[in-house]
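The values are calculated or read from the model by the stated rules, or taken from the named source; none is laboratory data. Keep in mind that this is a model prediction, so the values were computed, not measured. As a convention, Cβ positions derive from the backbone with ideal geometry for all residues, glycine included, and neighbour counts pool all protein chains shown.
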Ligand code: UTP
């Protein structure tokens, strides 16, 4: 079995970024000059994904528009001989029929959003990417995971070690520390308090799932926060199949939080020599002021 479809749940309300996300989807917030969703879509395409499924909600029109032609803009760029910009924009338009949109009519949770893609995914393994986890790596993180899937033919969750006091913000694995980046999962718990957490291995926004997950999600059982949680569904799946945790190679920016989002912007801006040159003196000055104030 090969992974050729990726699901992008983008129907969340993005309340942590209000008022910015009142009319603009969180996934359209830019890191430097590229929206979060584009980084994740490029990661999936580089990993060999052929079909992209967006599970959208209300006020997510901007995502569909981003991956489509904008004739007026294209004509203007042609008239002004802005070839490089034009090429960048043209690359965003996929071959017709390869980007598919479906709606989650109510934000009932991540598990529910994934279930909304069941008819499009069908009976095959698929990837799930949460665009607010921005992954910076030499080799696309999803590509690293697909390589593992090709060998294991089992569901895989991407993991990272987190501060043991922060487990209540994540789905947490009951598993040994990864060896050669892999660990076999004994259990999964959504948002456990630190004293109840079986480890500090947190699930982050990349999954490869087998299609059996859909019949579990169909039960629509609610968990933490009254939401239908993918972690709980995977805990049930474990009774039928093996699941692995994969410690990715690279760096994650949690762009679902304001601090993580600012860190991502700084990190990606520093990768651009022209921006780095201008940011450096500014940051040095800021650090000096902070040192004096403290
Ligand atoms: P988050 O937990 O970050 O929720 O969802 P959110 O609504 O996007 O943001 P906050 O917490 O209110 O600020 C993680 C991912 O799951 C998707 C979100 O779009 C995001 O990509 N999601 C979440 C859905 O698609 N539907 C849901 O019902 C919940």
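Taking the stretch 5-37, which residues are in contact with a strand residue (DSSP E or B) (Cβ under 9 Å, 6 or more places away or on another chain), outside any loop (DSSP other than H, G, I, E, B) and without any contact (Cβ under 8 Å) to a residue 60 or more places away in the chain?
If the condition is that a residue be in contact with a strand residue (DSSP E or B) (Cβ under 9 Å, 6 or more places away or on another chain), outside any loop (DSSP other than H, G, I, E, B) and without any contact (Cβ under 8 Å) to a residue 60 or more places away in the chain, then 28 is the only one that fits.
Looking at the stretch 20-32 only, could you name the residues that are modelled with pLDDT under 95 and either over 15 Å from the mean Cα position of the chain (by Cα) or away from the ligand (no atom under 12 Å from the Cβ) (or both)?
20, 21, 22, 23, 24
Out of (1) in contact (Cβ under 8 Å) with a residue 60 or more places away in the chain; (2) within 19 Å of residue 205 (Cβ to Cβ), the odd one out for residue 63 is which?
(1)
When residue 269 is evaluated against the numbered criteria (1) under 19 Å from the mean Cα position of the chain (by Cα); (2) at pLDDT 95 or above, which criterion, by number, is the only one it fails?
So residue 269 meets the others, but not (1).
Filter the stretch 170-210 for residues that are away from the ligand (no atom under 16 Å from the Cβ), part of a loop (DSSP other than H, G, I, E, B) and either out of contact with any helix residue (DSSP H, G or I) (no Cβ under 6 Å at 6 or more places or on another chain) or touching a residue at least 60 places away in the same chain (Cβ under 8 Å) (or both) and give the result.
Selection gives 175, 176, 177, 178, 180, 181, 185, 186, 198, 199, 210.
I'm checking my understanding of the structure. Among residues of the stretch 1-19 that are farther than 17 Å from residue 63 by Cα and more than 9 Å from the ligand (Cβ to nearest atom), which one is surrounded by the fewest Cβ atoms within 10 Å (Cβ to Cβ)?
Selected residue: 19.
Please state which of the following conditions residue 217 fails to meet, knowing it meets all the rest: (1) within 16 Å of the ligand (Cβ to nearest atom); (2) under 19 Å from the mean Cα position of the chain (by Cα); (3) within 30 Å of residue 45 (Cβ to Cβ).
Condition not satisfied by residue 217: (2).
Going through 247, 236 one at a time, which residue ends up being without any contact (Cβ under 8 Å) to a residue 40 or more places away in the chain and either buried (at least 16 other Cβ atoms within 10 Å of the Cβ) or touching a strand residue (DSSP E or B) at 6+ places or on another chain (Cβ under 6 Å) (or both)?
When all the criteria are applied, what remains is 236.
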